[in-house]
């Protein structure tokens with residue numbers, strides 16, 4: 001156990017990287033999710049088609065495969081693009097960027113489904129009432145759609161976030177010095193992989209427990225005044 | 001007139017963009033960090049080892065700032081081609097197969113590869129001896145190439161780093177492993193973890209897979225960098241700094257013949 | 001005629017190596033390895049789902065009926081396996097357990113804990129058991145009251161009621177969620193490549209490592225996974241049609257005019 005204490009600096013650094021990665025991917029996935037949901041609910045069949053292709057692709061390919069493709073292959077493509085158009089010499093796609101883009105891309109598809117379901121759950125009558133009151137579209141979104149969308153989306157959003165945190169562990173496989181990577185190298189140098197992996201598991205449990213508490217607070221806040229069965 | 005100007009402008013941009021990265025500025029060096037005593041990472045994160053020392057020395061002589069970029073071994077060559085760094089100093093063997101994609105300087109050391117197994121293993125290091133045995137190698141190395149060629153009957157088990165190979169060998173999951181004999185000795189057999197193990201047989205004879213020694217790797221278009229690096233290797237060898245670095249880690253001269 | 005075919009093949013290889021952005025002939029050359037990889041992926045995914053699924057039934061029942069002293073530990077078990085990454089769980093079992101002498105000297109070592117295949121199967125089974133237990137419990141708890149009352153009115157014993165009424169209807173309810181679990185398990189199976197197993201991704205990494213490529217191996221792996229997911233989704237959709245067909249919204253034409 002003292003070996004874990006000795007390497008606590010490395011483990012802490014790794015945890016910070018993991019959390020940064022998770023938050024950045026979450027931001028990207030929420031953005032893609034909102035765009036995707038509006039595309040899926042659009043009247044234009046082309047945008048529905050693109051959104052459907054997006055969710056189908058993500059469902060069909062494991063995140064790690066996309067991550068490796070982006071990290072190893074993507075760099076090559078970015079370089080070729082750069083030299084072909086003459087716009088840049090070298091734009092780096094490091095492990096962090098590859099991780100954020102692949103996890104963000106994958107979870108964007110899940111968020112699309114989350115937000116789509118949430119928007120559909122809002123009674124159409126309320127939107128119509130808003131229009132008849134002369135509300136501008138932005139005002140309707142701010143006062144009617146958004147608060148209710150958050151309320152409906154929260155359970156599914158929470159679930160997606162918890163799965164996302166765990167998915168960040170995969171970025172260690174392409175070499176990002178996150179919690180898992182740091183713990184693996186530390187464990188290997190003192191020949192105590194079990195101790196370090198167990199420590200990682202505990203840290204992940206702490207992260208998920210904290211998220212659980214935080215999101216439950218959010219849930220209570222957005223459900224003020226709602227009768228629960 | 002407008003069209004001509006824009007074409008000229010684009011051509012100019014293209015010319016700028018395709019310029020090589022050897023005109024001064026920092027020298028980005030790809031290193032592994034998981035191959036003691038050539039390269040490893042301390043608990044506080046600093047990189048140490050013979051390869052690291054060589055890299056720093058080379059940068060000093062070329063009068064450029066050294067930027068060490070850690071890279072997973074099996075992505076080393078794609079990363080070099082993708083311009084993540086300008087040269088690889090990570091004990092990479094010079095082989096014809098690799099020369100199809102990248103270029104090498106002259107060698108900076110040459111040590112043979114050997115099998116390692118438990119003492120009194122009960123089988124010998126031949127193709128028939130290893131038939132059906134679990135043989136561990138690091139992925140994307142010349143040893144993977146040799147193992148597939150020389151021991152087709154063995155059950156090949158691939159790992160991301162050499163450290164993982166040692167880990168499973170000491171756990172008893174592998175019957176034998178193939179890797180560089182010097183790293184095997186310094187990084188495993190001489191340590192407490194390797195006390196029950198020993199070399200199995202002699203150095204393997206496979207120039208096609210093993211190559212002629214380890215060199216610094218560069219992209220094919222960076223021939224000026226390659227020549228500059230080769231020259232520094234000769235200089236380092238000539239004025240005794242090589243011996244100083246060598247003796248810090250090894251009991252023999254690893255330059256080879 | 002034979003000579004023309006040969007030169008066409010050579011032409012394909014030439015195009016593939018030098019002009020095509022993807023060296024498809026190289027992939028075609030090694031496609032058998034990908035199929036073996038697919039076999040391994042399917043094998044472990046299926047077995048883990050089976051074992052985990054069977055384990056989940058009694059656990060879910062105990063959780064749904066809030067068994068006095070089993071409920072807590074089972075909740076702890078599912079919380080642990082759902083709250084931590086499968087990758088880390090796998091590393092713990094494969095690399096972690098090998099750390100202990102008492103494990104390596106026990107009867108469990110050969111041939112179970114020593115083998116990556118068994119370690120993966122054990123970890124994956126426990127993992128899917130954790131997830132399946134929770135949503136099966138949800139499905140059991142959502143059994144319509146009417147069905148339970150009718151069963152009691154018929155004089156069924158608790159065991160019979162469970163076997164003939166509650167479980168079948170719970171399985172039906174859990175089907176959509178279970179189809180997601182199957183897909184997730186397939187996605188998670190990529191973790192196999194991190195503990196030396198040659199699954200689909202493992203073969204992709206081997207190919208890229210052996211020939212110093214950047215994406216051929218991964219694109220091929222991607223295509224293989226997409227095909228597998230397609231078939232699984234199709235299969236589940238047919239299954240849902242059969243089992244949950246009575247819950248589908250009525251079609252308009254069946255009403256008399």
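The rows are residues; the columns are (1) touching a helix residue (DSSP H, G or I) at 6+ places or on another chain (Cβ under 8 Å); (2) farther than 30 Å from residue C:57 by Cα.
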position	(1), (2)
C:180	no, no
C:208	yes, yes
C:217	yes, yes
C:239	yes, no
C:242	no, no
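Among the residues of segment A:38-63, what is the count of those that are within 24 Å of residue A:163 (Cα to Cα) and exposed (fewer than 14 other Cβ atoms within 10 Å of the Cβ)?
Of the residues in segment A:38-63, 1 are within 24 Å of residue A:163 (Cα to Cα) and exposed (fewer than 14 other Cβ atoms within 10 Å of the Cβ).
Check B:81, B:62 and return the single one that is more than 23 Å from residue B:146 (Cα to Cα), touching a helix residue (DSSP H, G or I) at 6+ places or on another chain (Cβ under 8 Å) and within 14 Å of another protein chain (Cβ to nearest Cβ).
Going through B:81, B:62 in turn, just one is more than 23 Å from residue B:146 (Cα to Cα), touching a helix residue (DSSP H, G or I) at 6+ places or on another chain (Cβ under 8 Å) and within 14 Å of another protein chain (Cβ to nearest Cβ): B:81.
Is there a residue being outside any loop (DSSP other than H, G, I, E, B), free of Cβ contacts under 8 Å to residues at least 12 places away in the same chain and assigned by TED's automatic domain parsing to the domain that holds residue C:159 anywhere in segment C:122-131? Full working, then the answer.
Keep residues of segment C:122-131 that are outside any loop (DSSP other than H, G, I, E, B), which gives C:122-131.
Next, from what is left, pick out any that are free of Cβ contacts under 8 Å to residues at least 12 places away in the same chain: none.
No, the conditions are met nowhere in segment C:122-131.
Residues in segment B:86-97: is at least one more than 14 Å from chain C (Cβ to nearest Cβ) and out of contact with any strand residue (DSSP E or B) (no Cβ under 6 Å at 6 or more places or on another chain)?
For segment B:86-97, residues more than 14 Å from chain C (Cβ to nearest Cβ) and out of contact with any strand residue (DSSP E or B) (no Cβ under 6 Å at 6 or more places or on another chain): absent.
Can you tell me which residue in segment B:159-209 is nearest to the other protein chains (Cβ to nearest Cβ), limited to those that are within 12 Å of residue B:118 (Cβ to Cβ) and part of a strand (DSSP E or B)?
That would be B:177.
What's the number of the condition residue C:67 fails, among (1) free of Cβ contacts under 8 Å to residues at least 24 places away in the same chain; (2) part of a loop (DSSP other than H, G, I, E, B); (3) farther than 30 Å from residue C:139 by Cα?
Against the list (1) free of Cβ contacts under 8 Å to residues at least 24 places away in the same chain; (2) part of a loop (DSSP other than H, G, I, E, B); (3) farther than 30 Å from residue C:139 by Cα, residue C:67 comes up short only on (3).
Applying the selection to segment A:181-196, what residues are assigned to a helix (DSSP H, G or I) and within 15 Å of residue B:168 (Cβ to Cβ)?
Across segment A:181-196, the qualifying residues are A:184, A:187, A:188, A:193, A:194.
Being assigned to a helix (DSSP H, G or I) and surrounded by 18 or more Cβ atoms within 10 Å (Cβ to Cβ) is the filter here; which residues of segment B:59-80 pass it?
Keep residues of segment B:59-80 that are assigned to a helix (DSSP H, G or I), which gives B:59-62, B:73-80.
Across segment B:59-80, the qualifying residues are B:59, B:73, B:74, B:75, B:76, B:77, B:78, B:79, B:80.
Would you mention how many residues in segment C:69-85 are within 14 Å of chain A (Cβ to nearest Cβ) and under 17 Å from residue C:137 (Cα atoms)?
8
Looking at C:137, C:164, C:173, which one is surrounded by fewer than 19 Cβ atoms within 10 Å (Cβ to Cβ) and either more than 13 Å from chain A (Cβ to nearest Cβ) or modelled with pLDDT of 85 or more (or both)?
Result of the check over C:137, C:164, C:173: C:164.
Can you tell me how many residues within segment C:195-213 are surrounded by fewer than 24 Cβ atoms within 10 Å (Cβ to Cβ) and more than 15 Å from residue B:144 (Cβ to Cβ)?
2
Any idea which of A:118, A:109 is touching a helix residue (DSSP H, G or I) at 6+ places or on another chain (Cβ under 7 Å), in contact (Cβ under 8 Å) with a residue 12 or more places away in the chain, within 14 Å of another protein chain (Cβ to nearest Cβ) and part of a helix (DSSP H, G or I)?
Every option except A:109 fails the conditions.
The values are calculated or read from the model by the stated rules, or taken from the named source; none is laboratory data. Just so it is clear, the model here is predicted, and its values are computed rather than measured. Cβ sites come from the backbone with ideal geometry, for glycine too, and all protein chains shown count toward neighbours.
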